[in-house]
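Quick notes on the structure that follows.
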Amino acid sequence: MLILLRTESTASALEAALAAAPDALVLDPASHHGADAADLVERRRGEPRGAASGHSDLLTRGRGSGPVLLVRVPPLSSSSMEDALASAMAFEPDGILLRGAIGRPDIERLGAKLAVLEAEHGRPAGSIGIVASVADEAAGALALAGLRPHPRLAGLVFDRAALAASLGCAPEAQALCHAAATTILAASACGVPAIALLESEGDLDGRDVTSPRSDGPQDGEGARLWPGLRVEDAAIAARREGFAGMILDEPRLAAALRPSSVGSSRTSSPASRRNNRGSRPA
């Protein structure tokens, strides 16, 4: 599963992101204006929307001929949260990517806000999913054990850089490895994919991406949680650890990935894998 995060508000940046054919596209309303919203809405007009009965497969089921659209908003405690949500609705998003989520209470609070916005904007009740970045700080990481399935929940994101900055720790700190593993476990328990957010500055070595190293990540490199790894090696390491997909901030990095490294729109969800366990041959 490949997700692209775009913070640059230009037509060329949007075209580059769409040309990378991601499963989902994440926009930040703080960096995009009304013209961007109108353009995207027009492009997506008439494409089928997902059912409102559940969102566990939101990131893998696709939406017409284009990617699923997510809009990233700040933590619920932020003073700009309400304005960000109002701006997000102009893009007619399929889901919201919530930064700094702290456990199920934050997911429920955002769900309640979305219910009001859906009614105000004529959207079907429950039609907007939630992808939660759940370990951006210590409180969120500690609350992972209490996460349970939620009708709007579509995925859990692990942002290594955000947690490292919050803790003030080294990139290879054991606390980061523990939080990553707990995010994967919580996502499996909730029946949604775990997704690693990797930024080209700090997390990945994006140089010479057209000639990735052929032997994959070396022993122990995955445990460092990817700082300085080639993008393809980081994808392989993340898949080995249990992440179903990656969020990248550069289309050029996405072009260097083999489809098998990050999964694709056909990647099965944790829920579907559990349903298939009973069909194994004797």
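Only the coordinates and a few stated rules stand behind these numbers; no lab work does. Owing to the predicted nature of the structure, the values given are computational and were not obtained by experimental measurement. Heads up, the Cβs are rebuilt from the backbone with ideal geometry, glycines too, and the neighbour counts pull from every protein chain shown.
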Response to the item:
Mean Cβ-within-10 Å packing, highest first, puts peptides 158-166, 84-92 in the order 158-166, 84-92
Worksheet item: Modelled label-to-label distance, GLU108 and GLU15, 7 Å Cα→beta-carbon offset: nm?
Response: 4.8 nm
Worksheet item: In what sequence do ASP136, ASP28, ASP23 fall when counting other Cβ within 10 Å, fewest first?
Response: ASP28, ASP23, ASP136
Worksheet item: Got a sec? How would HIS55, HIS178 order by Cβ neighbour count within 10 Å, fewest to most?
Response: HIS178, HIS55
Worksheet item: Ranked from highest to lowest mean number of other Cβ atoms within 10 Å per residue, what is the order of the peptides 71-82, 233-244?
Response: 233-244, 71-82
Worksheet, complete the sentence: When GLU108, GLU137, GLU232 are arranged by how many other beta-carbons sit within 10 Å of their Cβ, fewest first, they go GLU108, GLU137, GLU232
Worksheet item: Just how far, in whole angstrom, is the stretch 64-83 from the stretch 96-121 if you go by their alpha carbon centroids?
Response: 10 Å
